[in-house]
Structure formats: C-alpha cells, structure tokens
Amino acid sequence: MRSLSLLILAALLAMAIWTALVVTGARHGWLRADPGPREDVASFFSTSAAAIDAAEQGAVAFMLIEKGEDFGEHYVSAGAPVTRDTLFQLASLSKWVTALGVLKLAADGRLDLDAPVSRYLTRWQLPESKFGNEGVTARRLLSHTAGLTDGLGYMGFEPGTPVQTLEASLTEAADPMPGADGRTRVGLAPGTAWSYSGGGYALLQLLIEEIAGEPFDIYMKRAVLDPLGMSSATFDLASAEAAGLAPCFDADGAPCAYRSFAAASAASLHASAADLVRFLEAQMEGARDPALPPGLAAAMSAPHGSQFGLPIWGLGVMLYSEAPGGGYIIGHEGMNFAAIETTARLDPATGDGILVLATGNPGLAAMLGGEWVYWHAGRVDVRQIDGMIPALGLALLIGWAVILVLAALAIWKIRRSESPKSA
C-alpha cells in the first residue's frame, strides 16, 4: 500500500514538473528560431524592414529606438507616401495616451483613483449590479479589473453614419466588434479578475469630461498632447485628415475609409511616428519631462492585472514581459476595422523600444512587436502566449497522458506482484 501511495505522489509530481517545463519552455521560446544576438541591432532592424517590404501592400511606419535614440526608421505605402510626420489612426493604442490624461487628473488632486467613479458622474451611471458598483474605480478601469463585461472592441461608424453619443454607447454600443456584449456594466466582482473592456475606457472618457468640464479631445490636447510635444496628434478624425492621415487599406490591400468613434478614448487617437517617439521618450527612466508628474510613468508600469498567474497589465499599459534589467517591457497595441494595426513597446530602464503603425497588413504590427520583445528580453511576450494556448494545452495533455499510462502500468505490476500465486 505504501509503494502504491508513493507511486501516486510521484505521478502527481511528474505532472507538475511537466507543466512547469512546458510553460517555462513556451515563455523562453524553446521552439522558436534564434532571434540573433542582442548586440546586433542593425540585423534586427534590417530583418524587420525586409518583413515589411515583403508584404507589398498597405502603409507602414516602423521605428526602432535604442538607448533613447532613434536607431532607424522605415516607411512604405501603396498609396500616398508616408513619413515620420504622417498621422495614423492608433486604435486601442489610444488607451495608453488616455491613461495619462486620467492620471494627470489624479496628480492634480482632482481625482481619487480608488474612489467609486460614480462619485464624479452626473450624465450617466452604471446600471445596478448584484456585485454593486462601488468597487468600480478609475484605477481598476485603467487596468481592466473593474469587473466590466462589455468585451468591447469597437467597429466604429462609417462616413456619413451618425455617431452615437457617448452616453448611448455606454448603455449599449451600436458598433461592437463581433462577440462583444456591448453593454458597459458590472458582470464580475470588481477587483477579482482581469477582463478587457473598451467600455471601461469610454467610461474614463466621460469621467475626464465631467471632472475637466470640457470635451475629451480638448482636455487631452491641452493637458497631455501639447505638453508632451505631440503637436500634430488629435482624437478628432476630421482634424487628422486635414493634417495628413496615412491612406487606409483593408486586409486585401484595397483602399478603404476611416471610421469615427463615440469612444475616441479607446480607439481614435491619430498620431505620427514622431509624436509617439516623444511620447515614449517621456516615459523612459531618467526622463525629466515637466509634462509628466514625478513617478507617474513608474506607477503605470506597476502590475495591477494578471492572467494565468502572470502580471499582464498596469495602469493603461500592457506588461509584455519581464525586462532584462528589471521591471517590465510596457506598451499597447491596437486593431481597428478594416485592417488598422499598431503597436508600441518600451523598456523604460534601457530606453529601447519599437513602434509599428500599419494599415492593410493584418498581424504585421503584433508580429514585429513580439519579435522585438523576444530579441530584446529573451522571452515570448504574453500577447503571443495567448495564441499558443491551444498548442500548450495539447502538449500538456500528451505529457499528462503518458505519465498516467506509465503510472497505471506500474500500479498493475505492483498489484500483480503482490497478488497470491495460483496453485
């Protein structure tokens, strides 16, 4: 009986070890191609530029930042030329910039990040919930841990189509991406789980307007964009088109039209590569940008949301991976209809980063951002681990099955040896 118990314990231990090996191996890219030496920045840049050229469609702005300096930049377009000063629609990358607007209100003493947001709202309130709404705070909205279950993703409104009011969109968005509930409401106990919520950022947009007493885009221009030197950036589509917006392409590389958004805070900042480099520079360690209150960038990158046991979200930023020198590689990415994809990732400690703004090239921005994280930190970023879950699950099941079969055979042999021999 003792040997049987020991065998069961050994099987459980083997399953735990196999699980740790699979997860660790996936995170460290054991099955991925060698990205090349970290010191060979020129090789990484040229390989990335070649991948952009190979797509042969759409419009792309790519910049690689090394030790706080612009190492190289590469631009392509199947339509009107793009440069470092051409505006792109940023999709959900907009949320990172919106987060700075919220945090500046807190730094100015006008917002308590841990108070119920209902305290500040008069134009719209969250519907009643069995979990209560008192736990919905600005801090939790920024980190997608407020318990909202809208699942938004916005498709946007085509040219000529009336755009919902912000309040109507919060009640039920008319432009949800497929699979999204679309109603901004509390469906989980606040603070208990991470759940991505575009509606949460729409609520933060309303919060900014209520506290600042002015339209969201005007406040953001005055309080964030202009002070950071993002002089051409705007949340207004018409202003972006007048300033020079990159041509829009769909997934097949055909021209398309940009869309407008009720929740501009979540999906509709328009900025150039040059604007975003200034934005990243202000958040590097050692930066003394007077536009950012001391400690604000560090507070953003502290873990607030987790998934699968990994810290994945700060205040407005994704935590892609542990950084080589400590802390996290931070950033955000975005995807708008039809094929607008963006990413910006930064190691604040070293001043290294990558920026990819694209239309008409599905998957390109996330792929290059993920390659940069693996090359820079030697780890697969958490965004790419999401896509590996089916393969990881299969590897785990195969390993567990082998262990259980071996354990069953061992148990059978033990029982056979212990049974009385027949006469």
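Reported count of residues in the range 78-98, each being in a helix (DSSP H, G or I) and open to solvent by less than 10 Å² (accessible area, probe 1.4 Å), is 7. Every condition in (1) within 30 Å of Gly399 (Cβ to Cβ); (2) surrounded by 19 or more Cβ atoms within 10 Å (Cβ to Cβ) is met by Val117 except one, and the failing one is (1). Screening the candidates Arg222, Arg183 for the property of being open to solvent by 30 Å² or more (accessible area, probe 1.4 Å), modelled with pLDDT of 95 or more, out of contact with any strand residue (DSSP E or B) (no Cβ under 6 Å at 6 or more places or on another chain) and in a loop (DSSP other than H, G, I, E, B) yields one hit, Arg183.
When residues in the range 337-348 are screened for being surrounded by 24 or more Cβ atoms within 10 Å (Cβ to Cβ) and over 24 Å from Gly72 (Cα atoms), 0 of them pass.
When Gly334, Gly369, Gly327, Gly316 are checked against the criterion of being within 15 Å of the chain's Cα centre (by Cα) and on the phi > 0 side of the Ramachandran plot, Gly316 stands alone in meeting it. Restricting attention to the range 186-206, the residues that are assigned to a helix (DSSP H, G or I) and hydroxyl-bearing (Ser, Thr, Tyr) add up to 1. From the list Gly316, Gly351, Gly325, Gly334, the one residue that fits, being in contact (Cβ under 8 Å) with a residue 24 or more places away in the chain, out of contact with any Gly (no Cβ under 8 Å at 6 or more places or on another chain), open to solvent by less than 50 Å² (accessible area, probe 1.4 Å) and more than 25 Å from Ala55 (Cβ to Cβ), is Gly316.
Cβ separations smaller than 6 Å between residues 6+ apart or across chains give the following pairs from the range 287-298 residues that are farther than 11 Å from Lys104 by Cα to residues that are among the hydrophobic types (A, V, I, L, M, F, W, C) and crowded, with 17+ Cβ neighbours inside 10 Å: Asp289/Ala282.
For the range 170-199, the candidate set comprises residues that are over 19 Å from the mean Cα position of the chain (by Cα) and among the aliphatic types (A, V, I, L, M); within that set, the residue that is farthest from Asp150 (Cα to Cα) is Ala189. Here Gly101, Gly135, Gly72 are screened, and the one residue that is farther than 25 Å from Cys248 by Cα, open to solvent by less than 40 Å² (accessible area, probe 1.4 Å), modelled with pLDDT of 95 or more and not in a helix (DSSP H, G or I) is Gly135. For the range 112-128, give me each residue that is aliphatic (A, V, I, L, M) and either farther than 19 Å from Gly199 by Cβ or not in a loop (DSSP other than H, G, I, E, B) (or both). Scanning the range 112-128 gives Ala115, Val117. Restricting Glu167, Glu172 to those that are open to solvent by 10 Å² or more (accessible area, probe 1.4 Å) and in contact (Cβ under 8 Å) with a residue 24 or more places away in the chain reduces the list to Glu167.
Filter the range 354-375 for residues that are over 19 Å from Ser272 (Cα atoms), of a type in the set (A, V, I, L, M, F, W, C) and open to solvent by less than 20 Å² (accessible area, probe 1.4 Å) and give the result. Scanning the range 354-375 gives Trp372, Val373, Trp375. Within the range 186-196, the residues that satisfy the criterion of being among the hydrophobic types (A, V, I, L, M, F, W, C) and crowded, with 16+ Cβ neighbours inside 10 Å are Val186, Leu188, Trp194. Every test in (1) part of a strand (DSSP E or B); (2) touching a Leu at 6+ places or on another chain (Cβ under 8 Å) is passed by Tyr320 save one, and that test is (2). Residues in the range 107-141 that are of a type in the set (S, T, N, Q) and without any contact (Cβ under 8 Å) to a residue 60 or more places away in the chain were compared, and the one that is nearest to Leu315 (Cα to Cα) is Thr137. Annotation: of all residues in the range 282-300 being under 15 Å from Leu113 (Cβ atoms) and part of a loop (DSSP other than H, G, I, E, B), the one that is least open to solvent (accessible area, probe 1.4 Å) is Pro293.
Here is the figure for the range 47-69: residues that are charged (D, E, K, R) and either more than 27 Å from Arg288 (Cβ to Cβ) or open to solvent by less than 20 Å² (accessible area, probe 1.4 Å) (or both) total 2. With respect to the conditions (1) touching a Gly at 6+ places or on another chain (Cβ under 9 Å); (2) closer than 26 Å to Phe157 by Cα; (3) small (Gly, Ala, Ser), Gly286 lacks only one, and its number is (2).
Considering only residues that are among the hydroxyl-bearing types (Ser, Thr, Tyr) and under 18 Å from the mean Cα position of the chain (by Cα), look in the range 265-301 and name the one that is nearest to Gly351 (Cα to Cα). Looking at residues that are among the hydroxyl-bearing types (Ser, Thr, Tyr) and under 18 Å from the mean Cα position of the chain (by Cα), I get Ser301. Scanning the range 355-383 for residues that are closer than 24 Å to Ala254 by Cα and outside any helix (DSSP H, G or I) yields Leu355, Val356, Leu357, Ala358, Thr359, Gly360, Asn361, Pro362, Gly363. If you go through the range 244-272 and pick out every residue that is surrounded by 17 or more Cβ atoms within 10 Å (Cβ to Cβ) and not in a loop (DSSP other than H, G, I, E, B), you end up with 10.
The values are calculated or read from the model by the stated rules, or taken from the named source; none is laboratory data. In this text the structure is predicted, and so the values were computed from the model without any measurement. Note that each Cβ is placed from the backbone with ideal geometry, even for glycine, and that neighbours are counted across all protein chains shown. Just so you know, the surface numbers come from the protein's heavy atoms only, side chains and all, with ligands and any DNA or RNA stripped out. Shrake-Rupley method; radii C 1.70, N 1.55, O 1.52, S 1.80 Å.
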